[in-house]
Each structure stands twice: as C-alpha cells, then as structure tokens.
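I have placed the structure first, in the form of structure tokens, so that the comments after it can refer back to it.
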Amino acid sequence: MTLFETLVSNTIKEFKNQFGVEPKWLASAPGRVNLIGEHTDYNDGFVFPMAIERQTVVAAAPLEKGPAKVFSVQTDEMVDIYVDGSSKPPITPADVKWSSYVQGVVACCFEAGLKVPPFCAVINSNVPLGGGLSSSASLEVSVATLLETIAGKKLGEKQKPLVCQKAEHSYAHMPCGIMDQFVSALGQKDQLLLLDCRTQEPKMIPLSDESVSVFIINSNRKHELTGSEYPERRAQCHEAAEVLGVPKLRDADLMMLESARDNLADKQYRRAKHVISEDIRTQAMAEALIAGDWERCGELMYQSHFSMCTDFEITTPELDLLVSLARLLGVEGGVYGSRMTGGGFGGCTVSLVKTDKIEKVSDFIRKNYHAVTGIEPTIFATRPAQGAVAL
C-alpha cells in the first residue's frame with residue numbers, strides 16, 4: 001500500500017469511528033515544494049513549484065441539519081463550520097485556528113456561488129505542519145475540492161485557487177501570494193509549474209528524468225507565517241516599488257534598482273534586489289531544466305539561497321547549515337544544488353540529488369546536522385505529484 005493509499009484508508013477508518021457511517025465523498029490536495037522563486041509571487045513575478053507526494057484527504061457525508069461537523073485527526077478536535085454564509089473572520093491573527101482555514105474556504109466558496117448543505121467530515125494529512133510545504137494550501141484546496149463534489153458544481157480552473165487564497169487572506173490574516181493554492185489545485189504528475197503570477201498563466205515543465213530526484217529536508221524548526229515578518233517584507237517590497245515608480249517589482253530591473261539606490265532605505269534596496277534577481281533566476285531555472293543542465297540548475301538554487309540569506313533575511317542557522325552540508329557534498333557526492341524553500345524563518349530545504357546517491361546523501365546530512373544542532377531532520381524524496389482530485 002502506498003503512502004497515499006494508507007492515508008486514505010486511515011481517513012475512512014477515522015470517519016467511520018467519528019460518525020458511524022461510510023463517507024459519501026472523498027477529496028485530496030497535495031502540499032507543494034517551490035524549486036525556486038521565493039517571495040516573488042506577491043510581486044507579480046515568476047515561481048517554479050511542484051505538487052509533492054504528501055496530501056491532505058477529506059472524507060465527508062451529509063447531515064440532516066445544523067452546521068457542518070468537521071474533525072481534524074492532527075488536532076483531535078471537532079468543530080462547527082457554518083455553511084450558510086453566516087460566519088465571521090477571526091478579528092486578529094492571534095484568533096486564527098486550523099478551523100479558520102476550513103471556515104474561510106466554506107465562506108468564500110459560498111460567496112462564489114458554491115453552496116452546500118450541512119455535512120460531517122474528517123480531515124487527515126501527512127503534509128508536515130510548519131515545514132514550508134504549504135500544509136495550509138493543501139487543506140484549503142482539499143476542502144474546496146470536497147465542496148465542489150458535494151455541490152456537483154465546479155469552480156473555474158483559476159477560480160478555485162483564487163477563492164482559497166481569498167480565504168487565507170480574510171480568515172487566516174495571511175497576505176499570501178497565489179503560488180501555493182495554484183500548484184495544489186493544478187499540479188500534474190511529473191510536471192513542474194512555471195507560473196506567471198501576474199497573468200496567472202501556468203506553464204507545465206516536465207521533470208521526468210528518473211536519475212534526478214527532488215529531495216526535501218525538514219529542519220524541524222517550525223515557522224509561523226502569521227507573525228509580522230512576512231507582512232513586513234511584503235510591505236518593504238511595495239515601498240521599494242513605489243520609490244522605483246513601478247506597479248510591482250516584477251516591472252523593475254537591476255539597472256533601475258541601482259540607479260535609485262540612494263533613494264531607497266537599505267532594507268528596501270535589499271528586498272528589491274532579492275525579488276528582481278530571483279525572477280531572473282526562476283526563468284533561467286526553467287530553461288536549464290528543459291535543457292537537462294542539472295549543474296546550472298544547482299548553481300541557481302545556491303544563488304537563490306544566498307540571496308534569501310543576505311538580502312531578504314529569511315533563512316535560519318539550521319537552514320543555512322543544511323544548504324552548506326549539501327554544497328560540501330557537491331555534484332560528485334550526489335547533490336546538484338540546494339536552497340531554502342517556503343516563506344522562511346524555519347521549515348525545509350529543497351535539493352536536486354542524483355537518485356542513485358539518495359541514501360548516501362541522506363545519511364551524511366542527517367548525521368552532520370544532528371551533530372551540530374541536536375535536531376533530527378525529516379528527509380524524503382518526491383516526484384512531482386498530481387494536484388487536487390475528488391476520489
């Protein structure tokens with residue numbers, strides 16, 4: 001039985017345990033890893049994510065009346081979710097709970113015309129929480145896919161991720177970009193998604209070479225993106241764009257940035273430098289991947305991590321250590337490149353690794369990371385996975 005099949009089976013068992021009946025509907029949506037293109041999405045730039053082989057599964061059945069009853073396996077908690085449009089968003093970020101994401105999706109789907117009767121549901125996930133692999137988007141998109149199934153009506157291909165993004169903005173107080181929800185909804189097996197965040201046009205790029213694997217290492221230092229750091233950086237990017245006289249940093253280039261350096265505060269300059277250069281790297285990464293130039297892909301990943309460390313200031317000592325260990329191994333040791341992935345301040349690194357050296361790379365990094373930090377990292381390889389589906 002595969003990891004996904006086990007997750008589905010366990011979710012169905014838990015549903016029968018909680019509600020005493022078989023589920024009528026099942027839906028799933030994956031987490032994601034971003035190969036390159038960090039903090040470019042809300043700057044209307046380019047991102048290059050893929051869905052991963054870790055999912056959130058929702059099992060559900062109809063209820064006769066009242067609010068929906070939703071149980072989370074991860075929190076061991078049952079909550080009421082209002083399906084009639086009567087819910088109100090949490091007042092402050094401190095009031096946000098896991099159920100806020102669910103309620104937000106139900107409310108925003110209701111506003112979008114996707115109305116459902118009361119239901120009972122169990123939510124189960126193997127996407128690491130706080131690891132930068134977008135457990136939140138996986139939850140949101142799985143719930144939206146379930147609601148489509150219950151209603152017998154689909155949102156538009158782009159509408160579904162945008163509804164989920166709106167839910168995160170309004171009910172989780174997180175001003176996220178569109179990348180996570182788009183790739184969770186639209187991801188395809190053995191394909192990466194090069195997404196232009198301005199036009200919202202996805203371009204699928206094959207990653208079918210089985211000699212190279214995507215390697216994810218969770219530093220197991222969790223991050224909290226509902227803190228002030230993420231909104232601060234978003235604001236700094238907006239301020240820099242205003243000084244540069246462009247709608248978004250997507251519209252600026254490095255020459256423009258340097259010419260305006262004296263008019264920018266130091267942090268505004270460095271945040272903009274990261275975003276502008278990261279857009280260049282992201283598009284170059286897609287070209288290198290199409291060409292099968294793995295060493296070029298790897299160097300772009302290292303450049304990205306350095307930029308996030310020095311200019312955007314979102315890495316941690318643990319993430320920097322993981323990337324340094326990967327670079328120490330080098331191509332001869334089986335690693336083409338590595339970088340922090342996700343919003344920052346903890347979470348995971350993503351690396352391109354020679355498939356036949358996965359075990360040696362894993363053993364080396366695990367041993368040396370633990371020796372320095374005392375933390376046991378969580379390591380797994382993944383192929384690009386299928387996006388959201390009704391099961």
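Taking the criterion of being in a strand (DSSP E or B), open to solvent by 40 Å² or more (accessible area, probe 1.4 Å), in contact (Cβ under 8 Å) with a residue 24 or more places away in the chain and of a type in the set (S, T, N, Q), would at least one residue in the range 369-378 satisfy it?
Scanning the range 369-378 turns up at least one residue that is in a strand (DSSP E or B), open to solvent by 40 Å² or more (accessible area, probe 1.4 Å), in contact (Cβ under 8 Å) with a residue 24 or more places away in the chain and of a type in the set (S, T, N, Q).
Suppose we keep only residues that are of a type in the set (S, T, N, Q) and either at positive phi or free of Cβ contacts under 8 Å to residues at least 60 places away in the same chain (or both) within the range 143-183. Which one would you say is surrounded by the most Cβ atoms within 10 Å (Cβ to Cβ)?
The first filter runs over the range 143-183 and keeps only residues of a type in the set (S, T, N, Q), leaving 145, 149, 159, 165, 170, 181.
Now restrict to residues that are either at positive phi or free of Cβ contacts under 8 Å to residues at least 60 places away in the same chain (or both): 159, 165, 181.
Values: GLN159: 16, GLN165: 23, GLN181: 29.
Here the answer is GLN181.
Consider ARG250 carefully, then state whether it is part of a helix (DSSP H, G or I), modelled with pLDDT of 95 or more and over 22 Å from TYR230 (Cβ atoms). Before the answer, list the steps.
Numbers: part of a helix (DSSP H, G or I): yes; modelled with pLDDT of 95 or more: yes; over 22 Å from TYR230 (Cβ atoms): no.
Against the criterion (part of a helix (DSSP H, G or I), modelled with pLDDT of 95 or more and over 22 Å from TYR230 (Cβ atoms)), ARG250 does not qualify.
With the condition being out of contact with any Ser or Thr (no Cβ under 9 Å at 6 or more places or on another chain), touching a residue at least 24 places away in the same chain (Cβ under 8 Å) and open to solvent by less than 10 Å² (accessible area, probe 1.4 Å), I'd like the helices (runs of 4 or more DSSP H) fully within the range 262-351 carrying at least 1 qualifying residues.
Filter on the range 262-351 gives 266-291, 294-310.
Quickly run through the range 171-218 and pick out the residues that are within 20 Å of THR145 (Cα to Cα) and among the charged types (D, E, K, R).
Passing the criteria: ASP180, LYS189.
Going through VAL70, VAL58, VAL79 one at a time, which residue ends up being surrounded by 17 or more Cβ atoms within 10 Å (Cβ to Cβ), assigned to a strand (DSSP E or B) and free of Cβ contacts under 8 Å to residues at least 40 places away in the same chain? Walk me through how you get there before you give the answer.
Details: VAL70 fails: free of Cβ contacts under 8 Å to residues at least 40 places away in the same chain; VAL58 fails: free of Cβ contacts under 8 Å to residues at least 40 places away in the same chain.
Every option except VAL79 fails the conditions.
The values are calculated or read from the model by the stated rules, or taken from the named source; none is laboratory data. Quick caveat, the model's predicted, so the values are computed rather than measured. Here the Cβ is made from the backbone with ideal geometry for all residues, glycine too, and neighbour counts use every protein chain on show. The protein model used for the area step is the full one, side chains on, heavy atoms only, and it has no ligands, DNA or RNA in it. Shrake-Rupley method; radii C 1.70, N 1.55, O 1.52, S 1.80 Å.
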